[in-house]
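Below is one structure, written out as structure tokens; comments come after it.
Quick note: the coordinates plus some simple rules give every number you see, no bench work behind them. Just so it is clear, the model here is predicted, and its values are computed rather than measured. Using ideal geometry, Cβ is built from the backbone for each residue, glycine included, and neighbour counts are taken over all protein chains shown.
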Amino acid sequence: MIGEAQDKICRRGEIFTSSTLSDSFTPSVVIIEARALIRECLALCLPKKLDLPVLTYADVNSWSQDPAGASACVIILSGLDRQVDGEQSELVRELSRWEKEVPVIVFSDNESRSQIANSLRSGAKGYIPSDTPLEVVAKAIKLVLVGGIFVPANVLLETQLSEEAGARADAKLDFTARENDVVKALLKGKSNKVIAFELNMSESSVKVHIRNVMRKLQVRNRTEAVIKIAEIVRGQSGAQEDDDFPCCA
């Protein structure tokens with residue numbers, strides 16, 4: 001399926017190089033989404049917010065066969081989370097490769113940081129979760145159109161909180177540098193095996209550091225350790241929602 005899509009994208013790339021075609025169309029927002037209801041709702045609502053026409057297609061094939069699609073000033077790929085892992089990133093990568101002057105935005109039900117990071121690494125200029133308010137969606141598209149990159153604010157906040165939490169807990173509890181690294185990983189919900197790999201140490205060393213952290217915190221297990229560290233950080237930085245800090249069993 002990806003190979004076929006690549007062929008379609010390649011042919012569409014040839015259309016974009018034709019000045020006679022591109023000059024005959026008003027710049028438009030292209031949305032590629034298999035679900036008819038989502039397509040129709042976006043096509044109805046977005047033009048009023050963007051002052052741009054919106055063209056919608058069920059798939060890359062439909063878009064590649066429509067000459068009007070050459071007017072795209074931004075491409076929104078929707079519903080990629082329903083594809084097989086790897087295919088979504090490959091499709092974003094191919095679109096970004098062939099449509100170098102046309103930014104790609106991913107619109108998805110998946111809000112995981114790993115999925116967002118994969119999309120951006122593949123060349124997407126924005127990632128919009130499907131529960132984003134329409135006003136924010138419009139502003140995100142406008143940001144991308146002027147050369148910016150849109151990432152959900154809650155993802156940036158969670159990343160910042162996770163990174164800052166370990167440092168604050170370290171200052172409060174006098175963790176060693178290595179214990180602090182382990183604390184940061186615990187706050188992100190990582191397993192001993194992943195922590196060992198990322199910090200280039202053995203799993204037994206990770207367990208020793210976790211035991212030392214639990215001893216300093218005076219708790220019985222890692223879950224209690226994460227909860228207590230989160231409470232300490234909240235006490236220093238102000239109230240935060242409980243789910244800002246992922247716990248691990």
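Within region 131-147, name every residue whose backbone N is under 16 Å away from a label modeled 7 Å from Cα of residue 49 along the Cβ vector. Residues 131-146 fall inside that zone. Protection proxy ranking, highest mean first, for peptides 214-224, 27-37: 27-37, 214-224, where packing is the per-residue count of other beta-carbon atoms within 10 Å, averaged.
In terms of other Cβ atoms within 10 Å, 48, 184 run from fewest to most in the order 48, 184.
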